[in-house]
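Below: the structure, in structure tokens.
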Amino acid sequence: MQVTVESTGKLERRMRVELPAERIEQEVKSRLKSVGRTAKLKGFRPGKVPPKVVKQRYGKQIREEVLSELMQKSYTDAVMQENLNPAGGPRIETEDGKDKDSFAYVATFEIMPKVELKDLDKIKVEIPEVTIGDEDMDDMLLRLRKQKATWESVDRKSKDGDKVVCDFTGTLKGEEFEGGKGTEVPVVLGSGQMLPDFEKGLLGVVAGDDKNIKVKFPKDYHAEDLNGKKVDFALKVHSVEEEILPPVDDKFAEMFEVAEGGIDRFMEDVKDNMRRESAQKLKGDVREQVMNGLLEKNPIDIPQTLKHQEAHTLQHDAMQRLGIEDNDKAPAIENFEEMAEKRVRLSLLVSQLINDQELKVDDDMVREHVEEMCAGYENAEDMVNMYLGNPQTVQQIQPAVLEQQAFDWLLENGKSSTKKVAFTEYMNP
């Protein structure tokens, strides 16, 4: 077997493999002989079919099988001989058989890049130190009170924060348009529920008012026929309602199913939830900083084969989330290419780090991971034991845990600083 390799791109290789024709002919003859022993053809006794007839009947099929198998085996042998690490399957083209003494084919494929990590100690991470002050608690309580708010009709002009219940009919150049009509629609002023001009037109109205307003649609509005257009709306106001917030007391706590401990217990639960929410967001934000730092310090070329595979995986996941079964209606593959490229780069870099640092799966971290997964269940402990007792499930979890260990290593060995930030500011930047 003769092998030559040339680079046709940063990661693409063109490998020519030449096999002696004698090797192929010997294998073909051997198989024809074997087939001849069992061949059953009309007019001949089993095993008595003349070799010439066997060759005429089965020769082409057997030759194709031999060539296919030899190409597969010789391709594997050749990449090992040349110390190549293909990123995916090859594109194989056979050469015209002008040379009767040999058979040759060309395999084109991409190889995995050689990754040499650097500047890992220079990755900078700013870790938010989230504080929960009185203002943060007041803001959270206000949100919770709004969830349980009631509305009462008032005999006055509407103002920001009020709910106005109205009918409306929109016309463009005197003609009604699709989606421009509503009956007894509740609009909370200042909520951004409707276009700014529409909500502004409802300020200062009272129950029973009839009013005409002009509303300008934004240029990027989803309905193209309304983009940037000024539209007339005829309004009829049914009622103006004021928001009534419940007082913060034991009864309020009961609204959130806190029966024991009253408002004090409720406040503790709220603060604990705020800590959990901020901790979860912080974990994701810090991880993102570390991974972006790793990418920035270590730019590498990636096989387009892997990028395309990842893009199709992301596309498939999106179709499942959106409930799309028809491939013709799938989101464009181009929408996923940037994320796919980032994920492939990260995967290669993290794999190299795990290999360089000889990281092994930490069983305690596997348990912690499973406990986090099951935290929301009533029978959490039983669920944890069920997961950990299933080797297949544990095997599926281990790669994520090992990746987390790589992330922890990078964070520990990089440059980190802390910055105090209030809960509300951090959660709602």
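Of the helices (runs of 4 or more DSSP H) contained entirely in region 263-376, those carrying at least 1 residues that are in contact with a strand residue (DSSP E or B) (Cβ under 9 Å, 6 or more places away or on another chain) fall at 304-322.
Return yes or no: is Gly182 over 13 Å from Val231 (Cα atoms), part of a loop (DSSP other than H, G, I, E, B) and not aromatic (Phe, Trp, Tyr)? Break it down into steps so the answer makes sense when it comes.
Numbers: over 13 Å from Val231 (Cα atoms): yes; part of a loop (DSSP other than H, G, I, E, B): no; not aromatic (Phe, Trp, Tyr): yes.
Answer is no for this residue.
Taken over region 169-207, the residue count meeting the criterion of being touching a helix residue (DSSP H, G or I) at 6+ places or on another chain (Cβ under 8 Å) and touching a residue at least 12 places away in the same chain (Cβ under 8 Å) is 5. Checking Glu334, Glu260, Glu310 one by one, the residue that is farther than 30 Å from Val421 by Cβ, crowded, with 17+ Cβ neighbours inside 10 Å and of a type in the set (Asp, Glu) is Glu310 and no other. Whether any residue in region 42-63 is touching a Phe, Trp or Tyr at 6+ places or on another chain (Cβ under 7 Å), surrounded by 14 or more Cβ atoms within 10 Å (Cβ to Cβ) and assigned to a helix (DSSP H, G or I) is what I want to check. Taking every residue of region 42-63 in turn, none turns out to be touching a Phe, Trp or Tyr at 6+ places or on another chain (Cβ under 7 Å), surrounded by 14 or more Cβ atoms within 10 Å (Cβ to Cβ) and assigned to a helix (DSSP H, G or I).
Could you please find all residues in region 130-154 being in a helix (DSSP H, G or I), farther than 22 Å from Glu254 by Cα and of a type in the set (A, V, I, L, M)? Within region 130-154, none qualify.
Picking from Val240, Val248, Val286, which residue would you name as being farther than 24 Å from Glu425 by Cβ and either surrounded by 14 or more Cβ atoms within 10 Å (Cβ to Cβ) or out of contact with any Ser or Thr (no Cβ under 6 Å at 6 or more places or on another chain) (or both)? Steps first, answer last, please.
Numbers: Val248 fails: farther than 24 Å from Glu425 by Cβ; Val286 fails: farther than 24 Å from Glu425 by Cβ.
Checking each option against the conditions leaves just Val240.
Just one of the listed residues (Leu346, Leu322, Leu306, Leu282) is among the hydrophobic types (A, V, I, L, M, F, W, C), more than 30 Å from Lys415 (Cα to Cα) and in contact (Cβ under 8 Å) with a residue 40 or more places away in the chain, namely Leu306.
Any residue in region 232-241 that is touching a strand residue (DSSP E or B) at 6+ places or on another chain (Cβ under 8 Å), of a type in the set (A, V, I, L, M) and closer than 26 Å to Arg143 by Cα?
Filtering region 232-241 down to residues touching a strand residue (DSSP E or B) at 6+ places or on another chain (Cβ under 8 Å) leaves 232-241.
Then keep just the ones that are of a type in the set (A, V, I, L, M); that gives 234-235, 237, 240.
Now drop any that are not closer than 26 Å to Arg143 by Cα, which leaves 240.
For region 232-241, residues touching a strand residue (DSSP E or B) at 6+ places or on another chain (Cβ under 8 Å), of a type in the set (A, V, I, L, M) and closer than 26 Å to Arg143 by Cα: present.
This table checks each residue for (1) in a loop (DSSP other than H, G, I, E, B); (2) more than 22 Å from Ile300 (Cα to Cα); (3) in contact with a Gly (Cβ under 6 Å, 6 or more places away or on another chain); (4) not hydrophobic (A, V, I, L, M, F, W, C).
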site	(1), (2), (3), (4)
Met80	no, yes, no, no
Leu84	yes, no, no, no
Lys100	yes, yes, no, yes
Val106	no, yes, no, no
Phe109	no, no, no, no
Lys114	yes, no, no, yes
Lys118	yes, no, no, yes
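Search region 130-151 for residues that are touching a residue at least 60 places away in the same chain (Cβ under 8 Å) and pair each with any residue that is among the hydroxyl-bearing types (Ser, Thr, Tyr) and surrounded by 12 or more Cβ atoms within 10 Å (Cβ to Cβ) when their beta-carbon atoms are under 8 Å apart and the residues are at least 6 apart or on different chains. Sorted first by the residue in region 130-151, then by its partner, the pairs are Val130/Ser278; Val130/Tyr426; Ile132/Ser278; Glu135/Thr424; Asp136/Thr424; Asp139/Thr424; Met140/Thr424. Residue-level analysis places Ala318 outside the set of residues that are surrounded by 16 or more Cβ atoms within 10 Å (Cβ to Cβ) and among the small types (Gly, Ala, Ser). Which one is modelled with the lowest pLDDT, of the residues in region 82-127 that are of a type outside the set (Gly, Ala, Ser) and touching a Phe, Trp or Tyr at 6+ places or on another chain (Cβ under 6 Å)? Across region 82-127, the extreme among qualifying residues is Thr94. Does region 208-263 hold any residues that are of a type in the set (A, V, I, L, M), closer than 29 Å to Asp155 by Cβ, in contact with an Asp or Glu (Cβ under 9 Å, 6 or more places away or on another chain) and touching a residue at least 24 places away in the same chain (Cβ under 8 Å), and which are they? Hits for region 208-263 are Val215, Ala234, Leu235, Val237, Val240, Ile244. When the residues of region 382-429 are filtered to those that are among the aromatic types (Phe, Trp, Tyr) and in contact with a Ser or Thr (Cβ under 8 Å, 6 or more places away or on another chain), the one that is nearest to Ile123 (Cα to Cα) is Tyr426.
The values are calculated or read from the model by the stated rules, or taken from the named source; none is laboratory data. Fair warning: this is a prediction, and the values are worked out from it, not measured in the lab. Ideal geometry is used to build each Cβ from the backbone, glycine not excepted, and the neighbour counts take in all protein chains shown.
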